[in-house]
1. Would you mind finding the one in Q80, Q108, Q36, Q87 that is polar (S, T, N, Q) and at pLDDT below 95?
2. Go through (1) open to solvent by 40 Å² or more (accessible area, probe 1.4 Å); (2) more than 12 Å from the chain's Cα centre (by Cα); (3) touching a residue at least 12 places away in the same chain (Cβ under 8 Å) and name the single condition Q108 misses.
3. Among the candidates L31, L37, single out the residue that is open to solvent by 70 Å² or more (accessible area, probe 1.4 Å) and of a type outside the set (D, E).
4. Can you list residue pairs whose Cβ atoms sit under 8 Å apart, with the first residue in region 1-30 being over 16 Å from V64 (Cα atoms) and in a loop (DSSP other than H, G, I, E, B) and the second being open to solvent by 100 Å² or more (accessible area, probe 1.4 Å) and not aliphatic (A, V, I, L, M)? Count only pairs 6 or more apart in sequence or on different chains.
5. Would you please list the contacts, defined by Cβ atoms under 8 Å and residues six or more apart or on different chains, that run from a residue in region 116-142 that is closer than 18 Å to T103 by Cα to a residue that is assigned to a helix (DSSP H, G or I) and charged (D, E, K, R)?
6. Which of the residues that make up region 39-82 are in contact (Cβ under 8 Å) with a residue 60 or more places away in the chain and either part of a strand (DSSP E or B) or among the acidic types (D, E) (or both)?
7. If I filter region 40-60 down to residues being of a type in the set (A, V, I, L, M) and surrounded by 15 or more Cβ atoms within 10 Å (Cβ to Cβ), which single residue comes out as farthest from F102 (Cα to Cα)?
8. Within region 1-27, count every residue that is open to solvent by 20 Å² or more (accessible area, probe 1.4 Å) and over 18 Å from the mean Cα position of the chain (by Cα).
Amino acid sequence: ELAHNETNRMACIEALKIAQREHGWVSDEDLCEVAQLLELTPDEVEGVATFYNLIRRRPVGRHVILLCASVSCWVMGYAQLRARLLQMLGAEPGQTTADGRFTVLENQCLGACDHAPVFMIGDDLYHDADPEKLDDILAKYA
């Protein structure tokens, strides 16, 4: 990533994403390693990590569910989808299920407003989401 960016600071978000892909989240140790590699202070890297909502600074489950909470999703059934999902998982947003399988995170926009409500599990986008189909969808993620 350093070769593709004009400055070390510009490579910071990509370096954090690499660390997150490797470990599932960015620990304090990972953050310090990124800072050292990029010749930045840990505080500078922490500022980047906490600004971007897709960088996770706490451990997460094996599968992260991003639940879109945009206006479009609210209008098209977000509340019902959210209620069913949280009931099924027994976890609130920001929490990980007891078995470590899922972490639910609310997100303000997933960029699929024309197919609201939407959510993502990992890189998989589910649009026009029907709460009744959640059982089948979650079963794919063992």
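The values are calculated or read from the model by the stated rules, or taken from the named source; none is laboratory data. No experiment lies behind these values; they were computed from the predicted model shown. In this analysis, Cβ positions are derived from the backbone assuming ideal geometry, glycine residues included, and neighbour counts consider all displayed protein chains. Quick note on the areas: whole protein, heavy atoms, side chains included, nothing else; ligands and nucleic acids left out. Shrake-Rupley method; radii C 1.70, N 1.55, O 1.52, S 1.80 Å.
1. On the way: Q80 fails: at pLDDT below 95; Q36 fails: at pLDDT below 95; Q87 fails: at pLDDT below 95.
None of the others qualify; the one that does is Q108.
2. That leaves (2) as the condition not met.
3. Numbers: L31 fails: open to solvent by 70 Å² or more (accessible area, probe 1.4 Å).
From the options L31, L37, the qualifying one is L37.
4. Partner pairs satisfying both residue conditions: N8/E39.
5. Hits for this filter: P131/R84; L134/R84.
6. Going through region 39-82, the residues in contact (Cβ under 8 Å) with a residue 60 or more places away in the chain turn out to be 62-63.
Selection gives H63 alone.
7. L40
8. Going through region 1-27 one residue at a time, the tally reaches 10.
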